[in-house]
Amino acid sequence: MWLAGGLIDGLFRVLALMAGQVPAWIPVAVPWWVWGMGALGAFLLLLPQGIPLRPLGWPLLLVLVFAPRPTVPEGVAEIWQLDVGQGLAILVRTRNHAVLYDAGPRFGDSDLGERVVLPTLRKMGVGALDLMLISHAHADHAGGALAVTKGLPVTRVISGEPGELPTELQAGDCESGRKWTWDGVNFELWQWAHARESNPKSCVLQIEANGERLLLTGDIDTAAERVLLDSPLAVATDWLQAPHHGSRSSSSIALLNGLQPKAVLISRGQGNSFGHPHPTVLARYRKLDMAIYDSAEQGAIHLQLGRFESPRTMRQERRFWRDPPRRTNNRQLLQPDRMRHHGLRCAHPLC
C-alpha cells in the first residue's frame, strides 16, 4: 500500500506540473476532410494483415499531423469579435500577423481570457500574437491578458493605460499617430492625450483593408469622441465597434454623423446590470440605418475586412446543443439563451 500510494502521489505531481505548462486540451483548426482521411487511415490499419490497402493507412494518418491550415488572403483582415459576455476581445488576423484587441473580462475566479479567448485562438491556429493591444485597464477589457500571455507568445503589449496593468505584461504606451502596414492591411493608433479618466484614455485602433475600414474604440466617451473627430481617424468608416458597449455616455450623434458607419459591432453580456446597449443609442444606430451585430444575440462575429461582405455570426450556425429538447421531464433544460439569463456561459469557445 505504501508503494502504491507513493506511485500515485508521484503521478499526480507529474500531472500537476504538466497542467501548469500545457493546457488540458488544445483545440486544433483541422478541416473536416482531413478528419475524414485520418478516420479512413485508422480504419485501414485496423484491417487484418495481408489486405493490400492496409499500408495506406499510415500516410492517411500523417495528414492529421501535417494538416494544411487556412490562410488569410493578402490585403484582407480577418476579424473575430469573440463572445466574452460583458467585456471585449477582438482578434485581427492578416496573412502573416495576428493582433488581439483587448483580452476579455476577469471577475474573481472567472477568467474569460483563459476559458474563451485562449482556447479560441488555439482553435483558429494562432500560434503567437504579434501585438496585444489593451485599450485601457478596466477588468472587462484587460482581465484576460495575463492568461493569454501565459498560453501564447506575445511579441509586444501596448495599452492606453500601461502603468495600470500588471507588470508581468510589460506593456508600452499607445503611440498616437503611429501607423504600420502588415500584408497589405493598414493600421493606425490614436489616443486622447489629455484624458484624465480611464475610459477616455482608451487606445483606439483603425484598420483599413482594400478601402474598407473598421474602428476599434474601447470605452471612449463623448468627450473623447469630439477630440477624435479632429484627428486623422475621422474618415468614412464602414464598421464601428460600439464605444463602451453601447453606453449612453458614448456613440454621440456627432461621432456617428462624422464617421458615417454602415454597421456597428456590440460586445456585451445579455441582461447585464449596466443596461448596455442603451435604448437611446440603439435608436441612433437605427435612425442612421446602421446594421447592428450584437454578441449577446448573435454570439461571436466573423468579418472579412476588405471584401465588403456581410459577416458570419456563430448563432446562425447549427449546433446540437441549441436544438430544443424533445422531453424535459417537467424540468426546463438550460439552453444557451437560458444559460446566459442565469449568468452561466457555454463552454464552447465560439458559442
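The values are calculated or read from the model by the stated rules, or taken from the named source; none is laboratory data. Values in this document were obtained by computation on a predicted structure and should not be read as measured data. Quick reminder, even Gly has a Cβ in these numbers, built from the backbone with ideal geometry, and neighbours come from all protein chains shown.
Say whether the condition of being on the phi < 0 side of the Ramachandran plot, under 16 Å from the mean Cα position of the chain (by Cα) and modelled with pLDDT of 95 or more is met by at least one residue in the stretch 278-289. It would help to see each step written out before you state the result.
Start the filter on the stretch 278-289 by keeping residues that are on the phi < 0 side of the Ramachandran plot, which leaves 278-288.
Then drop every residue that is not under 16 Å from the mean Cα position of the chain (by Cα), which leaves none.
Taking every residue of the stretch 278-289 in turn, none turns out to be on the phi < 0 side of the Ramachandran plot, under 16 Å from the mean Cα position of the chain (by Cα) and modelled with pLDDT of 95 or more.
Looking at VAL92, is it crowded, with 17+ Cβ neighbours inside 10 Å, modelled with pLDDT under 95 and either in a loop (DSSP other than H, G, I, E, B) or on the phi < 0 side of the Ramachandran plot (or both)?
Details: crowded, with 17+ Cβ neighbours inside 10 Å: yes; modelled with pLDDT under 95: no; either in a loop (DSSP other than H, G, I, E, B) or on the phi < 0 side of the Ramachandran plot (or both): yes.
So VAL92 fails the test.
Would you check which residues across the stretch 271-285 are part of a loop (DSSP other than H, G, I, E, B) and among the aromatic types (Phe, Trp, Tyr) and list them?
Filtering the stretch 271-285 for residues part of a loop (DSSP other than H, G, I, E, B) gives 271-278.
Across the stretch 271-285, the qualifying residue is only PHE274.
Hey, among ILE220, ILE158, ILE207, which residue is touching a strand residue (DSSP E or B) at 6+ places or on another chain (Cβ under 7 Å), closer than 27 Å to ALA300 by Cα, part of a loop (DSSP other than H, G, I, E, B) and not small (Gly, Ala, Ser)? Lay out the reasoning, then the answer.
Working: ILE158 fails: part of a loop (DSSP other than H, G, I, E, B); ILE207 fails: part of a loop (DSSP other than H, G, I, E, B).
Residue meeting the stated conditions: ILE220.
Could you pull out the residue among ARG196, ARG178 that is without any contact (Cβ under 8 Å) to a residue 12 or more places away in the chain, over 21 Å from the mean Cα position of the chain (by Cα) and over 24 Å from LEU303 (Cβ atoms)? Walk me through it before giving the result.
Numbers: ARG178 fails: over 24 Å from LEU303 (Cβ atoms).
Matching residue, one of ARG196, ARG178: ARG196.
From the list TRP80, TRP180, exactly one residue is more than 20 Å from ILE266 (Cα to Cα), of a type in the set (Phe, Trp, Tyr) and at pLDDT 95 or above. Which is it? Spell out the reasoning first.
Details: TRP80 fails: more than 20 Å from ILE266 (Cα to Cα).
Only one candidate passes the filter, namely TRP180.
Give the residue that is farthest from HIS244 (Cα to Cα), with candidates limited to residues of the stretch 102-121 that are surrounded by fewer than 24 Cβ atoms within 10 Å (Cβ to Cβ) and within 11 Å of the chain's Cα centre (by Cα).
Applying the first criterion (surrounded by fewer than 24 Cβ atoms within 10 Å (Cβ to Cβ)) to the stretch 102-121 yields 106-111, 114-115, 119-120.
Filter again for within 11 Å of the chain's Cα centre (by Cα), leaving 119-120.
Details: PRO119: 25, THR120: 23 Å.
Only one residue tops the list, namely PRO119.
Would you call ILE253 in the same structural domain as LEU303 (by TED's automatic domain parsing), of a type in the set (A, V, I, L, M), touching a helix residue (DSSP H, G or I) at 6+ places or on another chain (Cβ under 9 Å) and within 23 Å of VAL92 (Cα to Cα)? Full working, then the answer.
On the way: in the same structural domain as LEU303 (by TED's automatic domain parsing): yes; of a type in the set (A, V, I, L, M): yes; touching a helix residue (DSSP H, G or I) at 6+ places or on another chain (Cβ under 9 Å): yes; within 23 Å of VAL92 (Cα to Cα): no.
The answer is no for ILE253.
Among the small types (Gly, Ala, Ser), in contact with an Asp or Glu (Cβ under 6 Å, 6 or more places away or on another chain), in contact (Cβ under 8 Å) with a residue 24 or more places away in the chain and closer than 27 Å to LEU189 by Cα: does that describe ALA89?
On the way: among the small types (Gly, Ala, Ser): yes; in contact with an Asp or Glu (Cβ under 6 Å, 6 or more places away or on another chain): yes; in contact (Cβ under 8 Å) with a residue 24 or more places away in the chain: yes; closer than 27 Å to LEU189 by Cα: yes.
Here the answer is yes, as ALA89 does meet what is asked.
Can you give me the number of residues within the stretch 148-179 that are polar (S, T, N, Q) and surrounded by 20 or more Cβ atoms within 10 Å (Cβ to Cβ)? Please lay out each step first, then the result.
Initial filter on the stretch 148-179 (polar (S, T, N, Q)): 149, 155, 159, 167, 170, 176.
Within this subset, residues satisfying the condition of being surrounded by 20 or more Cβ atoms within 10 Å (Cβ to Cβ) are 149, 159.
Number of matching residues: 2.
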